[in-house]
Amino acid sequence: MNDDTRLRQLADLWRERDPVPDGLVGRMQAVARAEVDLLATDWDHELLELVERSTELAGARGTSTSLTLRYTGVDLDVLVRVGPSTDAPRIDGWVVPPLPTVVRPLHPDGSAAGAPATVGEEGRFVLVDLRPGLVRLALEPTDPQHASFVTPTFEI
Amino acid sequence: MTAGQSGRVPETSAAPGVWSVAADAFERWRDGDLDALDELVALMTPVLWHVVRAYRLSHEQAEDVVQSTWLALVRRRDAIDDPQAVGGWLTLTSRRAAWRVSARAGSHVTLEPDVLERHVPSEPSAESTVVAHDERDLLWRAVAELDERCQRLLRVVAFEQRPDYAALSADLQMPVGSIGPTRGRCLAKLRTALTRPSGNDLGSPT
């Protein structure tokens, strides 16, 4: 068996043993379409890059999980902790450096997923009473000289 | 010469034509056809999944990385001059993000238990002895016995048409010139594991 045949066989095996999750293609199509729509408006936010994602057990009995996400952009780092999951999910966030910034939770289509919050002096913000589902955060410094940023979507 | 070799990595397991179909869809999307973006996403998401999972990310981490890749493409579409390059641009972008996330995860790499189970050769049982004779299971077992670097390299080259060896060498922490030979060695190890008498698969230490 030559190498190409072997590699084709391996690809088939990986497709079978670690298949693409159900619905992934549809979710990615929706993400891409929503981004096209947003960019067609006067949306001018730089995309933050994900550098870390972890889930850990939380709650007194360790029955729920909280999700930690860390993003990075030019001159900006954002840490987000979601959950533990309840009926009204909450997000605790930290922004470095702690510039005065408005944080808006958005659904992928750009509509509001909850009330905005303001980053405090220590760089902390809290979003409460969010509507569950896919959200992304837009970070808009009050000083227009600083760029605005947006995270990719994540589920709450 | 290594650079020359990297350009001649033969079309491998991604079905022939995937990359040119992707280029065609990208071009039509760039010309204003939004349905072509859906086609491109449907075509390349499975390739990105396998490339990203080669970095041992969890399902959730892998999905985040694939998502970031598509967001980056929508935002940086105009930076891709040659439509033929879109497949390579997508896989390279996703590998960079996967590498970042997996490096950050460091020692506590998370794997779903079911995947872990499939990676670890299991204790023989009457049932598995029968199953192990299935060729695909034998191959899967042989893959699981390879070191992590071989597993990653083979999965990436199995799904990418022409992997960027320079970027791969950084990911795999090996010189560019040794990727081609390493690929050969990994495939040779796999052959050896497969030709071993089947009794050795069933648990005796030597």
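The values are calculated or read from the model by the stated rules, or taken from the named source; none is laboratory data. Model, not experiment: these values are computed from the prediction. Quick reminder, even Gly has a Cβ in these numbers, built from the backbone with ideal geometry, and neighbours come from all protein chains shown.
Do we have residue A:137 as closer than 16 Å to residue A:80 by Cβ, without any contact (Cβ under 8 Å) to a residue 60 or more places away in the chain, part of a loop (DSSP other than H, G, I, E, B) and of a type in the set (A, V, I, L, M) here?
no
Let's see how each residue does on (1) free of Cβ contacts under 8 Å to residues at least 60 places away in the same chain; (2) exposed (fewer than 13 other Cβ atoms within 10 Å of the Cβ); (3) within 22 Å of residue B:97 (Cα to Cα):
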residue	(1), (2), (3)
A:37	no, no, no
A:51	yes, no, yes
A:78	no, no, yes
A:104	yes, no, no
A:116	yes, no, no
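Scanning the stretch B:143-164 for residues that are surrounded by fewer than 21 Cβ atoms within 10 Å (Cβ to Cβ) and either assigned to a helix (DSSP H, G or I) or touching an Asp or Glu at 6+ places or on another chain (Cβ under 7 Å) (or both) yields a count of 7.
Exactly one residue out of B:38, B:33 is among the acidic types (Asp, Glu), farther than 15 Å from residue A:153 by Cα and facing chain A (nearest Cβ under 10 Å), and it is B:38.
Residues of the stretch A:115-156 that are within 20 Å of residue A:100 (Cβ to Cβ), within 15 Å of the chain's Cα centre (by Cα) and small (Gly, Ala, Ser): A:138 alone. Within the stretch A:101-113, not a single residue is more than 20 Å from residue B:71 (Cβ to Cβ), in a loop (DSSP other than H, G, I, E, B) and not assigned by TED's automatic domain parsing to the domain that holds residue A:30.
Per-residue answers, yes or no, for (1) surrounded by 23 or more Cβ atoms within 10 Å (Cβ to Cβ); (2) touching a helix residue (DSSP H, G or I) at 6+ places or on another chain (Cβ under 6 Å):
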residue: B:37; (1), (2): yes, yes
residue: B:46; (1), (2): no, no
residue: B:54; (1), (2): yes, yes
residue: B:60; (1), (2): no, no
residue: B:65; (1), (2): yes, yes
residue: B:72; (1), (2): no, yes
residue: B:75; (1), (2): no, no
residue: B:82; (1), (2): no, no
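Here residue B:6 fulfils each of the conditions (1) crowded, with 18+ Cβ neighbours inside 10 Å; (2) in contact with a Phe, Trp or Tyr (Cβ under 8 Å, 6 or more places away or on another chain); (3) more than 9 Å from every other protein chain (Cβ to nearest Cβ); (4) modelled with pLDDT of 90 or more apart from (4).
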